[in-house]
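Structure record follows, encoded as structure tokens.
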Amino acid sequence: MREEFAKEYISYGIKANACYQGNYHLSTPIGRAILAKKAVEIAKKENADCIAHGCTGKGNDQVRIEGYVVALEPKIKILAPVREWNMDRNAEIKYAQKNNIPIPASLDFPYSDDDNMWGITWEGGEITNPTQIVPEEKFLTTYTLPKNAPDEPGIVTLDFNQGLPVALNGTKMSLAKLIVKLNKLAGKHGVGTVYLLEDRIVGLKNRGVYEHPAAHVIIEAHKNLEKYVCTRVQNELKEISDIKWGYLCYGAQWYDPAMQSINHFNDFINQKVTGKVQIRLFKGNTTVITVQSPYALDHASFNNTEGYGLNVNASAGFIEIYSLQMKLANQLSVKNKKDKK
């Protein structure tokens, strides 16, 4: 499923600069959309009339999985034993141990992870309680912690075509393979780990720890390249729609027509998001250092020999007109103050 996941799901997240309430790049919400789709496909193939899941009654995934399943196949029934039996994390662990179900969690290691190529989501134990310090060294073992990252920065180059990365450090590859390889390159420098206190769909606050080195690098690169080729009005509108896309994705609305409408808008915007971006990775930090594109709009220069059709002597008139209402409003305010005296 990796190629399909990257091409038909993650690609929309890249074009939308996928983020929710910070730098969470929505790895689990995007993954649930394809998970539900495949569950429905398998249920039909097996002539099953129901789909069971292990979500609790407090989380987001119950909303995503059930909502997507019935959207794709309204006749399917849902079984939710963990929710129906009102099991908490400890009860789930004990049940699994009693029934010889292999799970990575234990009473001494109460952390759970949702893991796919776009990112890893960690929850449970001290993570969930915002008043406690997260013992990150217990579970963040897939990639390098920033304090253990190399003392020399690393530089990666991404080539984009119509909004999607198509080459890493000059080597062309599929989006899926690029993400997997970039996870290792960027993870080596400890980038892309985020602590996020977020609003869950059901109204509760939740803290999670997210590891997504490739996702963070790609989104930062894409965001800068997109900004370079778009007008200011486009960038303003895109920033608003990106926030909405993130809330729809997180909020279990992947198959809603509103989501599809924003995706069509993003496809149009990204027609010119083509070019090359260099990113410096160092001790957990991601910095875009160069951006190139054949569709880039002219940038400001302090060298007057670089012409871009701007008559600097026209600036005075522009400033007068541009600031006219602000000037009039302040003059009126001063006049009213004097009249009151």
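The values are calculated or read from the model by the stated rules, or taken from the named source; none is laboratory data. Bear in mind that the values here come from a model prediction, so they are computed numbers and not experimental data. Counting neighbours? That spans all protein chains shown, and the Cβs are built from the backbone with ideal geometry, glycine included.
Tell me, which residue of segment 263-273 that is polar (S, T, N, Q) and crowded, with 20+ Cβ neighbours inside 10 Å is nearest to VAL156 (Cα to Cα)? Here the answer is ASN270. Listed by first and then second residue, the pairs with beta-carbon distance under 8 Å, at least 6 apart or on different chains, first residue in segment 52-67 and hydroxyl-bearing (Ser, Thr, Tyr), second part of a loop (DSSP other than H, G, I, E, B), are THR56/MET87; THR56/ASP88.
When GLY67 is tested against (1) farther than 19 Å from VAL202 by Cβ; (2) modelled with pLDDT of 95 or more, exactly one condition is not met: (1).
Rundown of residues vs (1) closer than 26 Å to ALA167 by Cβ; (2) in a helix (DSSP H, G or I); (3) not basic (Lys, Arg), yes/no style:
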| residue | (1), (2), (3) |
| --- | --- |
| ILE243 | no, yes, yes |
| LEU248 | no, yes, yes |
| GLN253 | no, no, yes |
| GLN260 | no, yes, yes |
| ASN263 | yes, yes, yes |
| ASN266 | yes, yes, yes |
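Among the residues of segment 144-151, not a single one is touching a strand residue (DSSP E or B) at 6+ places or on another chain (Cβ under 6 Å) and in contact (Cβ under 8 Å) with a residue 12 or more places away in the chain. Give me the residue from segment 78-98 that is of a type outside the set (Val, Ile, Thr), touching a Pro at 6+ places or on another chain (Cβ under 9 Å) and in a helix (DSSP H, G or I) and, out of that set, nearest to GLY124 (Cα to Cα). Applying the filter and picking the extreme gives ARG89. Across segment 153-167, not a single residue is classified as among the polar types (S, T, N, Q), surrounded by 15 or more Cβ atoms within 10 Å (Cβ to Cβ) and in a loop (DSSP other than H, G, I, E, B).
Scan segment 1-29 for residues that are among the hydrophobic types (A, V, I, L, M, F, W, C) and in contact with a strand residue (DSSP E or B) (Cβ under 8 Å, 6 or more places away or on another chain) and jot them down. The answer is PHE5, ILE14, LEU26.
Only one entry of TYR255, TYR295, TYR247 meets the criterion of being surrounded by fewer than 17 Cβ atoms within 10 Å (Cβ to Cβ), of a type outside the set (Asp, Glu) and either touching a Gly at 6+ places or on another chain (Cβ under 6 Å) or more than 21 Å from THR28 (Cα to Cα) (or both), and that entry is TYR295.
Taking the criterion of being assigned to a loop (DSSP other than H, G, I, E, B) and not basic (Lys, Arg), the residues of segment 38-65 that qualify are GLU46, ASN47, ALA48, ASP49, HIS53, GLY54, CYS55, THR56, GLY57, GLY59, ASN60.
Yes/no matrix, rows are residues, columns are (1) at pLDDT 95 or above; (2) touching a Lys or Arg at 6+ places or on another chain (Cβ under 7 Å); (3) on the phi > 0 side of the Ramachandran plot:
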residue: GLN253; (1), (2), (3): yes, no, no
residue: ASN263; (1), (2), (3): yes, no, no
residue: ASN266; (1), (2), (3): yes, yes, no
residue: LYS272; (1), (2), (3): yes, no, no
residue: GLY284; (1), (2), (3): yes, no, yes
residue: THR287; (1), (2), (3): yes, yes, no
residue: VAL291; (1), (2), (3): yes, no, no
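Scanning segment 73-98 for residues that are surrounded by 16 or more Cβ atoms within 10 Å (Cβ to Cβ), more than 26 Å from GLU198 (Cβ to Cβ) and not β-branched (Val, Ile, Thr) yields a single hit, GLU73.
Residues that are in a helix (DSSP H, G or I), over 20 Å from SER11 (Cβ atoms), hydrophobic (A, V, I, L, M, F, W, C) and modelled with pLDDT of 95 or more do not occur anywhere in segment 190-197.
If the condition is being crowded, with 17+ Cβ neighbours inside 10 Å and basic (Lys, Arg), then segment 52-72 contributes only ARG64. Does ASN266 qualify as being within 30 Å of ASP151 (Cβ to Cβ), polar (S, T, N, Q) and in contact (Cβ under 8 Å) with a residue 24 or more places away in the chain? No: the conditions fail for ASN266.
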